[in-house]
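Beneath this line is the structure, given in structure tokens, with notes to follow.
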Amino acid sequence: MVLERQVLLGDVGAGKSSLVLRFVKGQFVEFQESTIGAAFFSQTVAVNDATVKFEIWDTAGQERYHSLAPMYYRGAAAAIIVYDITNQASFDRAKKWVHELQAQGNPNMVMALTGNKLDLSEARKDAQTYAQENGLFFLETSAKDATNVNDLFYEIAKKLPNL
Ligand code: GTP
Ligand code: MG
């Protein structure tokens, strides 16, 4: 039996508890309550010929619990840093956790950055379908790096009847 102590860190609502509940109990709760302090879970799985017992600290993302975090990550062999792919602020928060762990964590700790709520990226496909159904021209753009910005205006121009 191999013991593996893990800690989940990340912004409020990123989905830390949901990931652990999915892993440990195979469940998902639409209205998961915000964690207070931290919650402990364990799960034993077979990896190759070994039995691995995960001891998982699911920390609270709320800022007022921040000072408790070192208690949970200090003894951890691995940290899972979670952000919500639909929420830029949660990604910024994740980068702060990485920075804190690099500065104060165990240097041998395995760090995993996890972009959660991938299911919500389907919203893009929905937009495409919606556009198709409604006869709209559809394009994704970035005003920041200029992706598709010229195309947007040129393609619209090409569709004008007098061109
Ligand atoms: P704190 O305990 O406050 O730090 O938050 P947390 O990181 O534990 O987030 P939690 O697991 O409580 O999830 C927050 C909300 O996001 C809940 O309403 C979940 O149902 C939802 N959620 C979590 N994971 C996913 C996911 O993969 N997809 C979608 N669509 N919703 C998710
Ligand atoms: Mg939680």
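Just so it is clear, none of the values below were taken in a lab; they were calculated from the coordinates. Bear in mind the structure is a predicted one, so any value in this text is a computation, not a measurement. Here Cβ is always computed from backbone atoms with ideal geometry, including for glycine, and neighbour counts include all displayed protein chains.
Structure data summary
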read-out: Helix 88-104 axis, angle to the chain major axis (alpha carbon atoms, nearest 10°); value: 40
read-out: Those chymotrypsin sites (Phe, Trp or Tyr not before Pro) in the range 10-67 that DSSP places in a loop and that have at most 11 other beta carbons within 10 Å; value: PHE28, PHE31
read-out: Residues ILE56, ILE85, ILE156 arranged by fewest to most Cβ contacts within 10 Å; value: ILE156, ILE85, ILE56
read-out: Relative contact order [Cα under 8 Å, 6+ residues apart], the chain, whole percent; value: 23
read-out: With at most 16 neighbouring Cβ atoms within 10 Å, loop trypsin sites (Lys or Arg not before Pro) (DSSP) excluded, longest segment of the chain; value: 1-73
read-out: Whole-angstrom Cα spans of the chain along principal axes, big to small; value: 73, 33, 33
read-out: Across LYS96/LYS125; LYS53/LYS125; LYS16/LYS96; LYS25/LYS125, pairs whose alpha-carbon gap is larger than 28 Å; value: LYS96/LYS125; LYS53/LYS125; LYS25/LYS125
read-out: Between helix 149-159 and the chain: long-axis angle, C-alpha atoms, 0 to 90°, nearest 10; value: 40
read-out: Qualifying GluC sites (Glu not before Pro) for the range 1-35 [loop in DSSP, other Cβ within 10 Å: at most 10]; value: GLU30, GLU33
read-out: Helix axis angle, 16-25 relative to the chain longest principal axis, alpha carbon, degrees; value: 70
read-out: Added length on full extension, which subtracts the Cα-Cα distance from 0.36 nm per residue, LYS96 to THR147; value: 15.5 nm
